[in-house]
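What follows is a set of notes on a single structure, which appears directly below.
Every number here is computed from the coordinates shown, using simple stated rules; none is lab data. The model shown is predicted, which means the values in this text are computed figures rather than measured ones. Glycine also receives a Cβ, built like all others from the backbone with ideal geometry; neighbour counts cover every protein chain displayed.
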Amino acid sequence: MPRETIGRGWTMAEYAIGDLQGCYDPFRRLLDSLSFDPGKDHLWLTGDLVNRGPKSRRTLRFVKSLGKSATTVLGNHDLHLIALANDINVSNSNFDSLWKILGHDDCDELIDWLRFQPLAHFSKKMNTLMVHAGLPPQWTVRKALRRAKEVEAVLQRDDYAEFLRDMYGNKPDKWSGKLSGNKRLRFIINALTRIRMITSDKRIDFSHTGPPDKARKGLIPWYEAEGAKWHGSRIVFGHWSALGLVVRDDLISLDTGCVWGRKLTAVRLDKNSTVTEVRCRD
């Protein structure tokens with residue numbers, strides 16, 4: 001594959017890749033298809049590195065080994081792993097692959113690395129923000145980054161497990177600057193890692209996980225909210241496999257259902273939004 005020469009200090013290519021969810025082998029095949037060079041190129045990973053797929057631990061270790069060549073944001077399944085590692089009761093039975101990570105000697109090392117990853121990543125040069133799921137319409141990109149740092153600061157404290165015990169729940173479902181404490185942090189996490197649909201009065205609705213056109217009347221995808229304050233930047237996200245691949249000037253949706261046997265997708269962010277995909281046989 002021909003590649004252009006870029007001056008010293010610049011990455012050769014910026015690729016965004018959708019949810020891996022433990023699908024290590026398709027991930028490596030996709031990197032081969034991209035001729036990815038960790039010495040020059042940079043990956044943006046939309047989170048949910050783990051769960052459901054067959055090789056969650058191997059995926060986690062490999063992404064960690066890439067160092068500064070890869071930036072991942074935290075997804076809801078990544079947070080599940082952190083919670084389970086701290087004996088937090090998570091009411092979901094679909095965590096067999098996560099329990100396997102907890103049984104290894106390097107578990108503490110991986111959890112500590114994971115909890116220091118951001119919930120949002122922004123490139124001023126490309127005017128592009130990456131989050132796992134999306135944004136509420138009340139937030140600008142600048143405010144989304146500030147809200148993400150509030151949660152990151154808590155996750156990176158020595159006593160972070162205290163918050164994890166109160167992390168789960170669907171309320172509050174509407175943003176207010178007056179929110180405080182764990183309720184504020186819970187909303188921020190839900191917005192950045194779980195949002196799909198919102199109501200006409202800007203509340204997050206967690207009931208619909210299917211395609212947007214199958215939602216009940218009165219619900220719209222978060223990215224179709226009129227007057228959303230994040231408009232003017234490009235948002236890259238995953239999380240929503242039923243939505244699939246969407247590539248627009250202002251929006252890139254990247255969860256193409258690899259863990260369900262469909263595809264793993266990369267989009268080049270710094271040049272022409274070129275799409276590269278591999279079939280997922282895991």
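What is the gain in length, in nm to one decimal, between GLU150 and ASN127 on full extension, counting 0.36 nm per residue of separation less the C-alpha to C-alpha distance?
Extra length available between GLU150 and ASN127 comes to 6.1 nm.
Label points 7 Å out from Cα along the Cβ direction at ASP105 and ARG28: separation in nm?
Distance between label points: 2.2 nm.
What longest range of the chain stays clear of loop-exposed GluC sites (Glu not before Pro) (DSSP non-H/G/I/E/B, at most 15 other C-beta within 10 angstrom)?
5-225
Sort the chain into rounded, prolate or oblate with this rule: let a ≥ b ≥ c be the square roots of the eigenvalues of the Cα gyration tensor; rounded if a/c is under 1.5, and if a/c is not under 1.5, prolate when a/b is larger than b/c, oblate otherwise.
Here the chain falls in the rounded category.
Calculate, in nm to one decimal, what TYR160 and PHE116 gain on full extension: separation in residues at 0.36 nm each, minus their alpha carbon distance.
Stretched fully, the TYR160-PHE116 segment lengthens by 14.7 nm.
Build a GNM of the chain with springs between Cα atoms under 10 Å: which of SER33, SER253, SER97 gets the top mean-square fluctuation?
Largest GNM mean-square fluctuation: SER33.
Which value in nm describes the separation of the simple spin-label points at ALA242 and LYS68, placed 7 Å from the Cα toward the beta carbon?
4.2
Using Cα springs under 10 Å in a Gaussian network model of the chain, which residue among ARG194, ARG146, ARG115 shows the largest mean-square fluctuation?
Its mean-square fluctuation being the largest, the pick is ARG146.
Over region 156-282, what relative contact order in percent results from Cα pairs under 8 Å that are six or more residues apart?
Answer for region 156-282 is 13 percent.
Note the full-extension length gain between LEU179 and MET12 as 0.36 nm times their separation in residues minus their Cα-Cα distance, in nm to one decimal.
Roughly 55.9 nm would be gained on extension.
Among LEU110, LEU43, LEU192, which one shows the highest mean-square fluctuation when the chain is modelled as a Gaussian network with alpha-carbon springs under 10 Å?
Top of the fluctuation ranking is LEU110.
Which of the trypsin sites (Lys or Arg not before Pro) found in region 206-256 are loop residues per DSSP with 12 or fewer other Cβ atoms within 10 Å of their Cβ?
ARG216, LYS217, ARG248
Note down the relative contact order for region 14-279 as a percent, whole number, built from C-alpha pairs under 8 angstrom at least six residues apart.
23
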